[in-house]
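Each remark here refers to the structure printed beneath this line.
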Amino acid sequence: MNANIQTLTQWVTQANNIVFFGGAGVSTESGIPDFRSTDGLYHQSYDYPPETILSHTFFQTHPAEFFQFYRDNMLYSNVKPNAAHQKLAQWEKDGKLLSIITQNIDGLHQKAGNSKVLELHGSVHRNYCQTCGRFYPLERVQADSGIPHCECGGIIKPDVVLYEERLKDSILEQSIEAIQTADLLIVAGTSLTVYPAAGLLNAYLGNQLVLINRSSTKYDQSANLLIGENIAAVMQQLP
């Protein structure tokens with residue numbers, strides 16, 4: 001065990017209000033590709049850039065193309081939680097975890113057993129009719145080959161935050177409150193380039209900010225501890 005892991009182990013042992021802020025890298029060990037790495041979604045070739053396809057405007061104007069891309073690239077219903085998810089579930093059971101703030105939409109934290117999860121960008125497991133508001137599970141969207149429609153005729157929209165859409169104020173407020181309350185803030189698997197999510201780190205008032213990420217981020221200089229290793233492998237070593 002290297003010195004950084006030993007330090008983090010000590011901090012975890014002493015902490016009572018851990019907040020974990022995670023991005024796409026947390027789920028890559030489960031087989032879900034991230035976005036900005038060399039093999040990520042944004043480096044693949046499509047008729048439109050992924051940022052365009054995953055925008056509110058594109059969803060409204062090209063729903064068929066949106067859902068084809070969405071089903072092919074965003075839905076991974078058979079994946080399982082990895083060691084990072086499982087460790088966080090253990091911390092919640094032990095009463096040490098205050099909250100998980102996630103940029104992911106895959107629902108793997110809940111699948112692992114966590115309930116204290118703030119989903120900044122929504123979830124693929126919630127879908128609603130834009131006309132009548134009726135909610136549908138993920139399986140309903142997967143079952144269609146084209147544009148999924150509600151019984152009332154309205155288009156079913158995934159409850160995920162697309163480009164051009166605002167994050168929910170209530171989720172942002174709860175995330176800020178959690179970060180301000182944290183005695184240990186662990187940030188993992190995120191490039192910290194997407195705002196306003198990345199800006200949430202500025203709410204942290206403590207001196208135990210840990211960044212676990214393979215690549216550098218603009219917040220590296222603000223971190224009290226930097227660990228450039230595999231997230232799941234790091235989490236496995238923690239108490």
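The values are calculated or read from the model by the stated rules, or taken from the named source; none is laboratory data. Source: prediction; values computed, not measured. Cβ coordinates were reconstructed from backbone atoms using ideal geometry, including for glycine residues, and neighbour counts include every protein chain displayed. We work out accessible area using only protein heavy atoms, side chains counted, and drop any ligands, DNA or RNA first. Shrake-Rupley method; radii C 1.70, N 1.55, O 1.52, S 1.80 Å.
How large is the accessible surface per residue of the range 181-239, computed with a 1.4 Å probe and reported in Å² as a whole number? Don't skip to the end; give the middle numbers.
Working: 2570 Å² over 59 residues.
Here the residues of the range 181-239 average 44 Å² of exposed surface.
State to the nearest 20 debye the size of the charge dipole of the chain about its Cα centre, where the only charges are +1 on K and R beta carbons and -1 on D and E beta carbons.
Approximately 440 debye in magnitude.
In the chain, what percentage of the DSSP-assigned beta bridges are antiparallel, given to the nearest 5?
Roughly 30 percent of the DSSP beta bridges within the chain come out antiparallel.
Give the span of the chain's Cα atoms along each principal axis, as three whole-Å numbers ordered largest to smallest.
56, 34, 31
Rank A197, S145, V117 by how far each Cα sits towards the positive end of the charge dipole of the chain (+1 on Lys, Arg Cβ; -1 on Asp, Glu Cβ) and give me just the farthest.
In the chain, that residue is V117.
Which listed residue (Q60, S216, G154) has the Cα farthest towards the positive end of the charge dipole for the chain, taking +1 on Lys and Arg C-beta and -1 on Asp and Glu C-beta about the Cα centre?
Going by the Cα projections, it comes out as S216.
Calculate one ³J(HN,Hα) per residue across the range 143-158 by plugging θ = phi - 60° into the Karplus curve 6.51 cos²θ - 1.76 cosθ + 1.60, and present them in order as whole Hz with x for glycine and proline.
Rounded to whole hertz, the list is 6, 7, 9, x, 7, x, 10, 6, 4, 7, x, x, 7, 7, 10, x.
To one decimal place, what Kirkwood hydrodynamic radius in Å is obtained for the range 23-159 from all pairs of distinct Cα atoms? Numbers along the way, then the final one.
Details: mean 1/r = 0.0620 Å⁻¹.
The answer is 16.1 Å.
Among the aspartates and glutamates, which have Cα under 14 Å from the Cα of K111 when same-chain residues fewer than 8 positions away are ignored?
E92, E119
With a 10 Å cut-off between alpha carbons and a GNM built on the chain, which of I32, I186, I147 moves the most?
Looking only at I32, I186, I147, the largest GNM fluctuation is found for I147.
Figure the gain on full extension for L138 and K218 (residue separation times 0.36 nm, minus the Cα-Cα span) and round it to one decimal in nm.
Values: separation 80, 0.36 × 80 = 28.80 nm, distance 3.50 nm.
Once the chain is fully extended between L138 and K218, it gains 25.3 nm.
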